[in-house]
1. Which shape class applies to the range 31-95: rounded if a/c is under 1.5, otherwise prolate when a/b exceeds b/c and oblate if not, where a ≥ b ≥ c are the square roots of the Cα gyration tensor eigenvalues?
2. Please report how far the C-alpha centroid of the range 39-54 lies from that of the range 127-161, rounded to the nearest whole angstrom.
3. Just to check I understand the Karplus step: with θ = phi - 60° and J = 6.51 cos²θ - 1.76 cosθ + 1.60, what whole-Hz values come out for the range 42-57, glycine and proline as x?
4. Once amide H atoms are built 1.01 Å from N in the peptide plane, which residues 5 or more positions from residue 84, or in another chain, come under 5 Å H to H?
5. Between 85, 45, 161, find the one with the highest GNM mean-square fluctuation for the chain; connect C-alpha pairs within less than 10 Å.
6. In whole percent, and with a 1.4 Å probe on the protein chains, what portion of the accessible area of the range 40-183 is carbon and sulfur?
7. Give the ranking of 102, 26 by solvent-accessible surface, highest area first, calculated with a 1.4 Å probe.
8. Once you have the Cα-Cα distance between residue 16 and residue 164, take 0.36 nm times their residue separation minus that, and quote the gain in nm to one decimal.
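The values are calculated or read from the model by the stated rules, or taken from the named source; none is laboratory data. Fair warning: this is a prediction, and the values are worked out from it, not measured in the lab. No Cβ is skipped: glycine too gets one built from the backbone with ideal geometry, and neighbour counts run over all protein chains shown. These area figures cover heavy atoms from the full protein model, side chains too; ligands, DNA and RNA do not enter into them. Shrake-Rupley method; radii C 1.70, N 1.55, O 1.52, S 1.80 Å.
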Amino acid sequence: MRFFVFSEEIGGKPSTISLEMLTKARSFGSDVAAFLIGNGSDATFAALGAHGAAAVHHLDPGDALPSAAAAAALAGLVGAGDVVFFGLSQTDRDGAGRLAARTGTPVLSNAVDVTVEGGTVTVSNEILGGTTLVGTAFTGPGPHLVVVRPKSFTAAPGAAFTPAVHRVEMPSTGRSGNARIAA
């Protein structure tokens, strides 16, 4: 089982939630990769590696809104049995929805915990104002898409990875890739 963590570079470093999710993903094993959108830098790659990413797939969308291109690129990387973590930012949620549409798989959102037992991925989330914890297991082949609430996991460096960095080319997304960020 492979784990991918969607990471957005903000202010020259990976988002805090992506480091939290990497820490959780590495607890399941060493087959963890980050999918980074942003300019990318050696410091960003090193931070991702320190939190558990053995590989970083880097997409620089330039001034394009990144979600359409990120979902198209991720769809080419992930397969059945893979788990993809997204945070609750607008870009992450948009990317998760677009990837779900491309792969025909569901998204379990608002996760406060994730467990893997015997190949089954179970997502826990709170209901009834946080008074009850509910676990929902994926039953299909995947990829399993999980949107995680911030602060659900503690970001803790501890991995000694110097991640292999793979540059991802901007995929063609048709009209959905035409939106630009105005300066």
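1. Verdict is oblate for the range 31-95.
2. First find each Cα centre; the distance between them is then 21 Å.
3. Going residue by residue, I get 4, 5, 5, 4, 5, 5, 5, x, 5, 9, x, 7, 7, 9, 10, 9 Hz, with x marking Gly and Pro.
4. Amide H to amide H, under 5 Å and 5 or more residues apart or across chains, residue 84 pairs with 4, 144, 145, 146.
5. 161
6. Ligands and nucleic acids excluded, carbon and sulfur reach 53 percent.
7. Ranked from most to least accessible, the order is 102, 26.
8. Full extension of this stretch gives 51.2 nm more.
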